[in-house]
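Peer 1: Before anything else, here's the structure in question.
The values are calculated or read from the model by the stated rules, or taken from the named source; none is laboratory data. The structure presented is a predicted model; accordingly, all values stated were derived computationally and were not measured. Cβ placement follows ideal geometry from the backbone for every residue including glycine, while neighbour counts extend to all protein chains displayed. For accessibility, only protein heavy atoms count, side chains too; no ligands or nucleic acids. Shrake-Rupley method; radii C 1.70, N 1.55, O 1.52, S 1.80 Å.
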Amino acid sequence: MTIIDPQKVPAFPVYTLKISEGRESLTLDGAQIPVLDGEDFIEAGKNAIVAKLTSHNLGMVRARAIDESSGQAWDMIIAATGEVLDLTEQQEAEQAAKARKQRRNKRLMIAGVSTLAVLTLGGLGTAVVIANQPAATVPAYTPQGVGATLPAAPPPQHSATAAWSHPTLADATVNMISPDRLLTADPEGTVTGRHPSTGQPVWRGDKAPEDLASIHQGTWAGKPVYAVAERNELRLWPVEMPYDTPSVAPTSIGLEPGQTARTDTHTPYIELGDWYIRVPDAAGTLHDVMIPPGSTVLDVAADGTITTISSNTIYTLDNSGKILEEKNFTAPESATKYPVRVWLLDDTHALLAWDDTERVMGVLNTSTGSMLFSGTPRAIPTATEPLLVDREAKTAAIGSVGISYGDQAALIDLPAADLSAIHGNLIYANSSNGPVALDLGNPEAEPQSWANYRAEDPAPALVTDDAVYVVATQLENTTVYRSNKTNDSAHQ
């Protein structure tokens, strides 16, 4: 008999069993599991997990069973030998102990954590304390899905088989949130941070947004967070999580009708209208701040200072709205008002758009207050179009606009296409004729296609120096694949 020690079982992977409403079907990580007449669903699921463990050469794994009829869930650990440790009673006892400790201490605490971060929840003047979690201990890991054949041809000089692959949601993308963490969407709707080279899960968060690219890393009360604004709420997740936690629940801040949240700034904030914004203070408590009328927010810094821009002035405010500095800048000639739209390209550059008598876009050096260049695009991108940026190459693309803001500064009209990724001067996109690459260094050149299986093949969702990431659907199953650059590849 195998003795199961929860302390020795990695936090990931977590296999998910789902019993459908009406108990009509059973799935394991999205794949249908046959259930014999009279067979118990959990027993059938356990047997399927044991088979999967055996095929993946794993000794034991954490699993969660969900009954969609009742919403009830059970956590367990299952060994390849068939032993099962039900964690539900253990977790209930731990929760009861935590509740007693919370009542005794009159504050939210998580045992074993000494450093606390503060995140605001809900309305003004209210804060909830959330643990600054220690980084997960990285166990030995075998990449999953190695050698899987990509059902869509990658760009030239990339392997047609996967370095690793994992199931994901249909229409999902990926997000290189930091050099050592790639965000993907799990089939059950959670967001997983993976090591880019191996696909190893190192972080997991509940309530994945529909668009992973909309998640940004920022700071709240001095602590790093992932932030996203979706529908009527702003969600914040701690960047770190404890080793023994299956996933991190976000702190959700409700947005009232007419309010919007912005998360691409160094600190997320809420737009209220009428020259008011809602920002956190040093303790993480939200409060309202009036910005100079006739200006729009460029950034909210990690230290709480606020930068706004008008038609000819850049203001620096403290966290209460007091003006600390005013700096003049020269806007493009046809721009007579404050910018209608602002996007941060990196720590010292912002993309600005005006739509007065003439459409104008340009790049501002936010540290010096000088405009690098400006031009007249075919159209002003909307606020919902994704911004693609390669900070190292100082290139970007959004909508029908390409941007080079390094030594060769330029604003470039792009042909109509669905942009998906950028790397260096190359922009990858989906067109009616299949996936293509657009060269910012040669804007007059025609989009370049490559040999693909079908016109419906997707362009890469992400391109890096050493790999591309392709999200493709085959027989109703969607998978994210990492395709490494081949040894004879030239640097793109």
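Peer 1: So, in segment 336-368, how many residues would count as being farther than 19 Å from Arg378 by Cα, surrounded by fewer than 16 Cβ atoms within 10 Å (Cβ to Cβ) and over 25 Å from the mean Cα position of the chain (by Cα)? Write out each step before concluding.
Peer 2: So in segment 336-368, the residues farther than 19 Å from Arg378 by Cα come out as 336-338, 344-350, 364-368.
This time we only want the ones that are surrounded by fewer than 16 Cβ atoms within 10 Å (Cβ to Cβ), so: 336-337, 346-348, 365, 367-368.
Next, from what is left, pick out any that are over 25 Å from the mean Cα position of the chain (by Cα): 336-337, 365, 367-368.
Number satisfying all stated conditions: 5.
Peer 1: Pro293 versus (1) within 26 Å of the chain's Cα centre (by Cα); (2) surrounded by fewer than 15 Cβ atoms within 10 Å (Cβ to Cβ): which is the lone unmet condition?
Peer 2: With (1) within 26 Å of the chain's Cα centre (by Cα); (2) surrounded by fewer than 15 Cβ atoms within 10 Å (Cβ to Cβ) applied to Pro293, the lone miss is (1).
Peer 1: Still on this structure: What number of residues within segment 232-251 are open to solvent by 30 Å² or more (accessible area, probe 1.4 Å) and more than 16 Å from the chain's Cα centre (by Cα)?
Peer 2: Selection size over segment 232-251: 5.
Peer 1: Could I ask something else about it? Among the numbered criteria (1) charged (D, E, K, R); (2) farther than 20 Å from Ala152 by Cα; (3) over 19 Å from the mean Cα position of the chain (by Cα), which one does Glu476 miss?
Peer 2: (2)
Peer 1: Right, here's the next one. Filter segment 30-49 down to the residues that are modelled with pLDDT under 75 and either of a type in the set (D, E, K, R) or buried (at least 19 other Cβ atoms within 10 Å of the Cβ) (or both) and list them by number.
Peer 2: Answer for segment 30-49, where residues must be modelled with pLDDT under 75 and either of a type in the set (D, E, K, R) or buried (at least 19 other Cβ atoms within 10 Å of the Cβ) (or both): there is none.
Peer 1: Take the residues in segment 388-422 that are surrounded by fewer than 19 Cβ atoms within 10 Å (Cβ to Cβ) and among the hydrophobic types (A, V, I, L, M, F, W, C); name whichever of them is modelled with the lowest pLDDT.
Peer 2: Ala416
Peer 1: Go through segment 174-213 residue by residue and tally those that are in contact with a Ser or Thr (Cβ under 8 Å, 6 or more places away or on another chain), of a type in the set (Ser, Thr, Tyr) and surrounded by fewer than 22 Cβ atoms within 10 Å (Cβ to Cβ).
Peer 2: 1
Peer 1: Restricted to segment 69-81, and to residues that are part of a loop (DSSP other than H, G, I, E, B) and farther than 16 Å from Asp40 by Cα, which residue is modelled with the lowest pLDDT?
Peer 2: At the first step, the residues of segment 69-81 found to be part of a loop (DSSP other than H, G, I, E, B) are 69-71, 80-81.
This time we only want the ones that are farther than 16 Å from Asp40 by Cα, so: 70-71, 80-81.
Values: Ser70: 75, Gly71: 70, Ala80: 86, Thr81: 88.
Of everything passing the filter in segment 69-81, Gly71 is modelled with the lowest pLDDT.
Peer 1: All but one of (1) modelled with pLDDT under 95; (2) among the β-branched types (Val, Ile, Thr); (3) assigned to a strand (DSSP E or B); (4) under 22 Å from Leu352 (Cα atoms) hold for Thr473, so report the exception by its number.
Peer 2: (4)
Peer 1: Can you list residue pairs whose Cβ atoms sit under 6 Å apart, with the first residue in segment 195-216 being of a type in the set (D, E, K, R) and the second being open to solvent by less than 30 Å² (accessible area, probe 1.4 Å)? Count only pairs 6 or more apart in sequence or on different chains.
Peer 2: Listed pairs, sorted by first residue: Arg204/Thr190; Arg204/Thr192; Arg204/Ser247; Asp206/Thr190; Asp206/Ser247; Lys207/Pro250.
Peer 1: State the number of residues belonging to segment 423-458 that are in a loop (DSSP other than H, G, I, E, B), free of Cβ contacts under 8 Å to residues at least 60 places away in the same chain and open to solvent by less than 30 Å² (accessible area, probe 1.4 Å).
Peer 2: 1
Peer 1: Still on this structure, I have one more. What is the residue count in segment 308-328 for residues that are more than 21 Å from Asp355 (Cα to Cα) and open to solvent by less than 60 Å² (accessible area, probe 1.4 Å)?
Peer 2: So the count comes out to 7.
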